[in-house]
Amino acid sequence: MEPNPYLLTDEQMAQFIAKGYLVLHNDIPDELHQGIMNRINGVLHEEGNPGNNILPRVPDIRKLFETPVVKGALTGILGPGYYMHPHRHCHYNRPADQNPGGGNWHKDGYWSAMRSHRPWWAMIFYYTQPVTEELGPTAIMPGSQYDERFPGNDKPFLLPTGPAGTMVLVHFDLWHKASLNTSNADRYMLKFQFARLKAPTAPSWNNRSAAFPAPADEGDSRIHLWTDVWRWLRGESGANGAGERPSGERAVQELAALLNDADGRVRADAASELGLLGGEAIAASAKVAKLLDDPSEAAASNAAYALAKLGEAGGRELLEAVRSGSRVAARHAAYGIRAAGRRPGGNRRAARAAGPPGRRPAGACLLRAWHDGRQGRPRRGRLDPIASRFERMGAAERGRVARPAAGAYRPGGDRADEGACGIASRGIGVRREGPGQRIRPLARLYPQ
């Protein structure tokens with residue numbers, strides 16, 4: 001079967017997973033972009049910024065999102081049934097503005113207070129005119145979508161440029177900001193948001209490789225995380241692989257010692273290599289877990305994904321971090337629990353015992369995530385001590401478990417996500433309120 005020329009390639013998907021952005025160019029006459037810009041200019045000066053109403057006020061904009069290039073890119077990232085969210089905005093950057101858009105690096109707020117390393121949401125920045133660095137395009141930090149904290153002003157950033165109609169497709173969580181317009185012209189950029197409606201069951205791009213083709217200029221600094229996203233997008237179930245032995249394997253003891261190195265990059269690399277060793281590195285689980293609240297974002301993230309590959313010992317460390325670790329450690333651990341995933345034929349008895357989705361305690365949800373993420377079916381009764389510990393949690397303690405998980409997951413429908421926390425729209429942990437003890441999901445209690 002011939003590949004669809006408008007769908008993304010493996011290399012483009014790998015760039016999006018690792019760097020968080022793609023630059024798209026539509027084959028559309030400049031006259032259409034000029035007409036859109038003229039109409040926007042009129043609306044802005046006659047009515048003010050239309051905000052979410054920009055599409056009905058300038059209906060020609062819809063034509064831009066119906067092209068094979070854009071539809072193919074969005075299909076690859078968000079699946080064939082993606083949805084254009086009703087929130088959109090016109091960002092107007094004038095030369096006289098010395099603080100455009102507030103001038104601060106930021107991530108856009110989530111409507112449902114959910115974030116995920118896996119692409120459930122994406123945004124497109126559309127430029128109506130030829131965009132140069134002098135015109136003040138939106139600056140982006142490649143790869144920063146996985147950084148919970150601001151990576152710092154010393155991290156390299158990019159000012160995407162291109163002809164009229166240039167579109168920049170970005171991961172929803174990519175850090176970005178408006179840049180100074182040093183030209184003599186006004187700059188118009190329209191931001192649109194898109195959402196995935198269901199988890200992938202098969203690749204939705206021109207996929208050729210089963211293994212993640214890491215970009216040559218990125219190394220393997222977050223190979224566990226990238227591989228988890230790649231496998232999920234391919235519709236693969238279960239944990240993100242048992243790991244491959246790194247070339248020139250060092251002893252587990254030597255790698256564990258490097259977890260205490262003063263250089264955050266060394267700590268991150270050591271955690272990553274221990275994860276690649278899989279079961280051979282189980283003895284280092286406790287030391288890896290100490291990195292979950294490491295000041296280095298890469299080290300903490302790598303530790304979470306490495307623990308997801310370290311079997312029962314790694315699972316226990318992740319659960320304990322969510323239960324009693326710091327807020328930062330709990331947040332990273334929640335991502336690791338999700339990466340542990342679920343294998344086909346997992347423990348259904350434990351799932352039934354936990355109760356129906358949306359009503360099971362948060363602790364039981366996370367227990368089930370770890371339980372189902374193990375390789376193979378565990379022996380009966382093996383998890384009873386952990387189950388008892390979670391069942392003894394008080395309401396406040398369960399809330400502590402539920403909140404970090406709520407910050408790590410997107411509402412979806414794949415079994416791995418459901419195993420980790422219940423489907424978010426039906427409740428990641430629950431809160432009862434009112435005379436009738438009505439149940440409300442935490443995802444709806446914490447809008448951003």
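The values are calculated or read from the model by the stated rules, or taken from the named source; none is laboratory data. The shown structure was predicted, so the numbers you read here are calculated from the model rather than taken from an experiment. Cβ atoms come from the backbone with ideal geometry, glycine included; neighbour counts cover every protein chain shown.
In segment 285-315, what residues are hydroxyl-bearing (Ser, Thr, Tyr), touching a residue at least 60 places away in the same chain (Cβ under 8 Å) and farther than 14 Å from Asp147 by Cβ?
The answer is Tyr305, and nothing else.
Would it be correct to say that Pro59 is surrounded by 18 or more Cβ atoms within 10 Å (Cβ to Cβ), at pLDDT 90 or above and part of a loop (DSSP other than H, G, I, E, B)?
No, not satisfied.
Would you check which residues across segment 65-107 are more than 28 Å from Asn181 (Cα to Cα) and either outside the structural domain of Pro142 (by TED's automatic domain parsing) or among the β-branched types (Val, Ile, Thr) (or both) and list them?
Those that are more than 28 Å from Asn181 (Cα to Cα) and either outside the structural domain of Pro142 (by TED's automatic domain parsing) or among the β-branched types (Val, Ile, Thr) (or both): Thr67, Val69, Thr75, Ile77.
Take Glu280 and tell me if it is under 23 Å from the mean Cα position of the chain (by Cα), modelled with pLDDT under 90 and of a type outside the set (Ser, Thr, Tyr).
no
Can you give me the number of residues within segment 178-236 that are free of Cβ contacts under 8 Å to residues at least 24 places away in the same chain, within 29 Å of Pro156 (Cα to Cα) and buried (at least 17 other Cβ atoms within 10 Å of the Cβ)?
Total meeting the criteria: 2.
Identify all residues within segment 283-325 that are within 22 Å of Asp263 (Cα to Cα), of a type outside the set (A, V, I, L, M, F, W, C) and under 21 Å from the mean Cα position of the chain (by Cα); write none if there are none.
At the first step, the residues of segment 283-325 found to be within 22 Å of Asp263 (Cα to Cα) are 284-307.
Pick out the ones that are also of a type outside the set (A, V, I, L, M, F, W, C) and you get 285, 287, 290, 293-297, 301-302, 305.
Selection gives Asp293, Asp294, Pro295, Ser296, Glu297, Ser301, Asn302, Tyr305.
Got a number for residues in segment 160-192 being assigned to a loop (DSSP other than H, G, I, E, B) and under 23 Å from Ile40 (Cα atoms)?
Selection size over segment 160-192: 14.
Which residues, taken from segment 46-56, are exposed (fewer than 14 other Cβ atoms within 10 Å of the Cβ), out of contact with any His (no Cβ under 7 Å at 6 or more places or on another chain) and in contact (Cβ under 8 Å) with a residue 12 or more places away in the chain?
Asn49
Please specify each residue of segment 137-178 satisfying the condition of being at pLDDT below 90 and small (Gly, Ala, Ser).
Answer for segment 137-178, where residues must be at pLDDT below 90 and small (Gly, Ala, Ser): Gly152, Ala178.
Does Asn99 qualify as being out of contact with any Ser or Thr (no Cβ under 9 Å at 6 or more places or on another chain), surrounded by fewer than 18 Cβ atoms within 10 Å (Cβ to Cβ), in contact (Cβ under 8 Å) with a residue 24 or more places away in the chain and not β-branched (Val, Ile, Thr)?
Criteria not met by Asn99.
Which one of the conditions (1) part of a helix (DSSP H, G or I); (2) out of contact with any strand residue (DSSP E or B) (no Cβ under 9 Å at 6 or more places or on another chain); (3) hydrophobic (A, V, I, L, M, F, W, C) does Ile28 fail to meet, given that it meets all the rest?
Ile28 satisfies every listed condition except (1).
Being outside any loop (DSSP other than H, G, I, E, B) and either of a type in the set (Phe, Trp, Tyr) or modelled with pLDDT under 95 (or both) is the filter here; which residues of segment 1-17 pass it?
Phe16
Of the residues Ala199, Ala251, Ala210, which is modelled with pLDDT under 85, farther than 26 Å from Ser326 by Cα and aliphatic (A, V, I, L, M)?
Only one candidate qualifies: Ala251.
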